[in-house]
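Read through the structure below, which is laid out as structure tokens, and then see the notes.
Readers should treat all values here as calculations from the given coordinates under stated rules, not as data from a laboratory. Keep in mind the model is a prediction, meaning the values are calculated, not measured. In this analysis, Cβ positions are derived from the backbone assuming ideal geometry, glycine residues included, and neighbour counts consider all displayed protein chains.
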Amino acid sequence: MMSQREGGFLITQIHHLGRRVFAELLKKRDIEISPGQGRILFSLWKKDEVPINVLAKRTLLRKSTLSELLDNLEAAGHIKRVQSEEDKRKTLIRLTETSRSLERMYIEVSVEMTNLFYKGFTPEEIDLFEKYLRRVLDNLVDVESSEVGE
């Protein structure tokens, strides 16, 4: 019998503590967005004006969670919902100038967080760690995908 492993528990603790530390780093720079909202903005900084379903896939957020975060971002003036020119049935998510102006500072905070996260790790250890995390994520994505198909 395999003894109880702690990987999932440790990942959960890292997630919660990491969000709190990241939120504090954002707050110190007067960036008034939550880490969840930041995940959406970060995705949009990579490619703007995308449909909600694409954004949900990129962020791995459920549409209900994503919609709530988008409502808050829109109310704060960070995004706009716009109708697609090609397909009037599609709504696209577009960044505003307000959110575009935060990109540089947000990335600086992300770099600071990465440095805190990997303090004392060698590049090889980071590569291996991230390879294993990717495998865990892929396993979970496979499970969720197969459950949706049932």
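Summary of computed values
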| read-out | value |
| --- | --- |
| Nearest-20 debye value, segment 1-70 charge dipole, Cβ charges on Lys, Arg, Asp, Glu | 160 |
| Residues 107, 79 arranged by fewest to most Cβ contacts within 10 Å | 107, 79 |
| Distance in nm between pseudo-label sites at residue 146 and residue 115 (7 Å out along the Cβ direction from Cα) | 4.3 |
| Dipole in debye (nearest 20) - segment 37-147, about Cα centre, beta carbon charges: Lys, Arg +1; Asp, Glu -1 | 340 |
| Phi-based couplings in Hz for segment 102-118 (Karplus 6.51, -1.76, 1.60; Gly and Pro marked x) | 8, 3, 4, 5, 5, 5, 4, 5, 4, 5, 4, 5, 4, 4, 5, 4, 9 |
| Residues in segment 95-131 that a label on residue 28 would reach, taking backbone N under 20 Å of a point 7 Å out along Cα→Cβ | 102-121 |
| Candidate lysines - alpha carbon under 23 Å from residue 28, same-chain residues fewer than 8 apart omitted | 119 |
| Simple spin-label estimate for residue 89 and residue 65 in nanometres, 7 Å along Cα-Cβ | 2.8 |
| By average C-beta atoms within 10 angstrom, highest first, the peptides 66-77, 131-142 | 66-77, 131-142 |
| Cα-based reach from residue 47 at 18 Å (exclusive), listing lysines while leaving out same-chain residues under 8 positions away | 57, 80, 90 |
| Radius ratio Rg over Rh of the chain, counting only Cα atoms, Kirkwood formula for Rh | 1.01 |
| Set of aspartates and glutamates with alpha-carbon distance to residue 46 below 14 Å, sequence-local pairs under 8 removed | 103 |
| Relative packing of peptides 24-32, 44-52, 10-18 - highest average C-beta neighbours within 10 Å first | 44-52, 24-32, 10-18 |
| Two-site FRET efficiency, residue 48 against residue 122, from Cβ-Cβ distance with R₀ of 35 Å, rounded to 0.05 | 0.45 |
